[in-house]
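Have a look at the structure below, then the notes.
Any read-out appearing in this document is the output of simple, stated calculations on the displayed coordinates, not a laboratory observation. All values reported here derive from a predicted model rather than from experimental measurement. Here the Cβ is made from the backbone with ideal geometry for all residues, glycine too, and neighbour counts use every protein chain on show.
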Amino acid sequence: MILCAGEALIDMLPRKTEKGEAAFAPYPGGSVLNTAVALSRLGVATQFFTGLSTDLFGERLSNVLTANGVGHGLAARSDRPTTLAFVTLTDGQASYAFYDENTAGRMLTEADLPAIPEDCAACFFGGISLAVEPCAEAYAALAARAAGAGRVVMLDPNIRPGFIAEEERFRARMDRMLSHADIVKLSDDDLRWLMGDRSFVELTSELQKKGPKLVLVTQGAAGVTAFGPGGEVHVDATTVEVVDTVGAGDTFNAGLLAGLSDAGLLDKALLAEGLPEDGLRAALELGVKAAAVTVTRAGANPPRREEIA
């Protein structure tokens, strides 16, 4: 089982009314919820931890998790509102405006954290939940517990500079989380924001000194490169007609974790010594192919195994 921990929110996606007027329609979303749903659709037993509202949007999120087979009994329920993210699209690329003050997700604290289930092989953290307090500190504490309990920890910082109010605190917390991570995935923009503007080899080498053994750098249409103890592995992107990119990175994360789980490679010792190239490549390819399906659809709608095949 894989435990995903992070935000669940409502994406307000741009649509047109029957009269052609601009409007927004509510869709369940959030980077980590998307990853959890994608993992479950790929056939991996998945649990999800978040701060979940009892309001009408929170119930909608709960129903979507149930419908997709994602366990969420660990979630901390409250009557605070649900986070909303208004999405605008430019040439298929998404940008976001978040409404997150005093929400069920944001106000999560360390006191709300669950015990890590015995059958949990790996824990995944990411999204905007790592940028805002107090929930970010709660997730950092859960990552430390997971690492201490011998679970594989994967981290996707998914950096949105406009959402980071205190950069120094964010960077310090990210360093702490990186020290507990075995796997980290970043876009090329994330990597440069976090580490500076140098070659990927230099940046990933410096990042690995902070803790993670396997660093994945996604470059959109240029594909993804994995940097690990065994060297580099690159997988090209799949060429498709892009509708929008909402949920693409989240789906890649799920495909990668599902591929590593398939091959029995979610193991801290194996990650530390270097994964076999064929197993790592297969996991990267599953992530890339799954993400390619997602971008051909409106909104975050990750595929099932048969759709990838």
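For an R0 of 25 angstrom, estimate the FRET efficiency from the Cβ-Cβ distance between Ala67 and Ala298 and round to the nearest 0.05.
Working: r = 19 Å, r/R0 = 0.74.
Efficiency, rounded to the nearest 0.05: 0.85.
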**Study point:** Relative counts (whole %) of C-alpha pair distances in the chain, using bins that are 10 Å wide
**Key:** 6, 30, 38, 21, 4, 0
Practice item. Using amide H atoms built 1.01 Å from N in the peptide plane, name the residues 5+ places from Phe24, or on other chains, whose amide H lies under 5 Å from its own. Key: Arg15
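Suppose R0 equals 22 Å; then what is the FRET efficiency for Thr109 and Asp55 from their Cβ-Cβ distance, rounded to the nearest 0.05? Spell out each step's value before the answer.
Numbers: r = 19 Å, r/R0 = 0.88.
Rounded to the nearest 0.05, the efficiency is 0.70.
Taking only DSSP H segments of four or more residues, each worth -39500 (n - 2.57), what value at 222 nm results for the chain once the sum is divided by all its residues, to the nearest 500 deg cm²/dmol? Walk me through the numbers before you get to the answer.
Working: 10 runs with 112 residues, N = 309.
The helix contribution divided over the chain gives -11000 deg cm²/dmol.
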Review point. Points 7 angstrom from Cα along the Cβ direction at Asp175 and His234: gap in nanometres?
Key: 3.2
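Taking each pair of different alpha-carbon atoms in region 211-309 once, compute 1/r for the pair, average those values, and report the inverse of that mean as the Kirkwood hydrodynamic radius in Å to one decimal. Display every interim value, and only then the final one.
Working: mean 1/r = 0.0736 Å⁻¹.
Taking every pair of different Cα atoms in region 211-309, averaging 1/r and inverting gives 13.6 Å.
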Check your understanding: Going 7 Å from the Cα of Ala272 in the Cα-to-Cβ direction, what parts of region 198-238 have a backbone nitrogen less than 19 Å from that spot?
Key -> 207-215, 228-231
Review point. For region 63-180, what is the percent of antiparallel DSSP beta bridges, rounded to the nearest 5?
Key: 60
Practice item. For every other residue with a beta carbon closer than 9 angstrom to the beta carbon of Thr54, add +1 if it is Lys or Arg and -1 if Asp or Glu, then tell me the sum. Key: -1
Practice item. Using only the alpha carbon atoms of region 40-185, find the Kirkwood hydrodynamic radius as the inverse mean reciprocal pair distance, in angstroms to one decimal. Key: 16.2
Exercise for review: Output ³J(HN,Hα) for region 62-67: one whole-Hz value per residue in order, computed from phi by the Karplus curve 6.51 cos²θ - 1.76 cosθ + 1.60 with θ = phi - 60°, and x for Gly and Pro.
Suggested key: 4, 5, 5, 4, 4, 4
Check your understanding: In nm, to one decimal, how far is the Ala149 label point from the Ala45 one, both placed 7 Å along Cα→Cβ?
Key -> 1.4
Check your understanding: Cα gyration tensor of region 134-261, axes a ≥ b ≥ c as square roots of the eigenvalues: rounded (a/c below 1.5), prolate (a/b > b/c) or oblate?
Key -> rounded
Practice item. May I ask for the longest run of the chain untouched by GluC sites (Glu not before Pro) that are loop-located per DSSP and have at most 11 neighbouring C-beta atoms (other than their own) within 10 Å? Key: 119-240
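Let me know the shape class of region 24-107, please: from the alpha-carbon gyration tensor, a ≥ b ≥ c as square roots of the eigenvalues, rounded when a/c is under 1.5, otherwise prolate if a/b is greater than b/c, or oblate. Don't jump to the answer; show the numbers that get you there.
Values: a/c = 2.07, a/b = 1.14, b/c = 1.82.
Here region 24-107 falls in the oblate category.
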Review point. Which whole-Hz couplings ³J(HN,Hα) result when phi for each residue of region 160-166 is put into the Karplus expression 6.51 cos²θ - 1.76 cosθ + 1.60, θ = phi - 60°, listed in order with x for Gly and Pro?
Key: 10, x, x, 9, 9, 7, 10
